[in-house]
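Scroll down for the structure; my scribbles are underneath it.
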Amino acid sequence: MSDLLQRLRDRGWRLTSQRRVVAEVLDGDHVHLTADEVHLRAAARLPEISRATVYNTLGELVTLGEVVEVSSVGRAKRYDPNAHRPHHHLVCSVCGTVRDVHPAGNALGDLPVAERYGYAVGAVEITYRGVCPSCA
């Protein structure tokens with residue numbers, strides 16, 4: 001499980017019932033839900049939660065750096081609660097399923113200095129694409 005709820009408590013972020021249910025829906029390993037999926041799951045736990053509240057809460061979590069938006073070409077953004085653990089993503093090009101992966105090596109170190117063009121590179125985002133076993 002991710003430590004999203006604990007991180008939010010440690011920050012002193014006001015956990016209203018709506019915010020808490022959104023965080024609970026997002027909490028876990030390999031969780032990469034769309035905003036609509038978050039709303040659907042949150043509404044199952046707290047029927048009065050609005051779509052706008054879910055979108056606003058997701059936006060706040062992204063701004064806080066506690067959740068990362070994962071974009072995939074032609075698909076809705078997904079939200080990843082594992083914002084503080086370095087990892088990459090493996091995406092199914094058919095169904096859009098996203099999994100966290102932790103390959104060996106140092107992706108930043110693998111970029112030759114000559115290919116950095118003077119940039120002070122501070123982060124690397126790698127997305128592996130393929131077809132998942134369910135879609136194969």
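The values are calculated or read from the model by the stated rules, or taken from the named source; none is laboratory data. Since we're looking at a predicted model, the values are computed, not measured. In this analysis, Cβ positions are derived from the backbone assuming ideal geometry, glycine residues included, and neighbour counts consider all displayed protein chains.
Structure above, values below:
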read-out: The listed residue being at pLDDT 95 or above, under 14 Å from the mean Cα position of the chain (by Cα) and farther than 24 Å from A123 by Cβ, out of T53, T57; value: T57
read-out: Region 86-116, residues that are closer than 19 Å to V25 by Cβ and among the charged types (D, E, K, R); value: R99, D100
read-out: Hey, V54 aliphatic (A, V, I, L, M), touching a residue at least 40 places away in the same chain (Cβ under 8 Å) and buried (at least 19 other Cβ atoms within 10 Å of the Cβ) or not; value: no
read-out: Matching entry among R85, R45, R78 (being surrounded by 14 or more Cβ atoms within 10 Å (Cβ to Cβ), of a type in the set (D, E, K, R) and closer than 22 Å to R7 by Cβ); value: R78
read-out: Output for region 85-136, where each listed residue is within 25 Å of E66 (Cα to Cα), under 20 Å from the mean Cα position of the chain (by Cα), assigned to a loop (DSSP other than H, G, I, E, B) and among the β-branched types (V, I, T); value: T97, V124, I126
read-out: Sole exception among (1) outside the structural domain of T34 (by TED's automatic domain parsing); (2) under 23 Å from G12 (Cβ atoms) for T63, by number; value: (1)
read-out: Residue within region 34-42 that is within 17 Å of D100 (Cβ to Cβ), in the same structural domain as W13 (by TED's automatic domain parsing), touching a residue at least 40 places away in the same chain (Cβ under 8 Å) and within 12 Å of the chain's Cα centre (by Cα) present; value: yes
read-out: Some residue of region 11-18 being surrounded by 19 or more Cβ atoms within 10 Å (Cβ to Cβ) and either at pLDDT 90 or above or at negative phi (or both); value: no
read-out: Single residue of region 78-118 satisfying the filter (touching a strand residue (DSSP E or B) at 6+ places or on another chain (Cβ under 7 Å) and among the charged types (D, E, K, R)) that is farthest from S134 (Cα to Cα); value: D80
read-out: Of residues in region 104-124 being surrounded by 11 or more Cβ atoms within 10 Å (Cβ to Cβ) and closer than 18 Å to D80 by Cβ, the one modelled with the highest pLDDT; value: V124
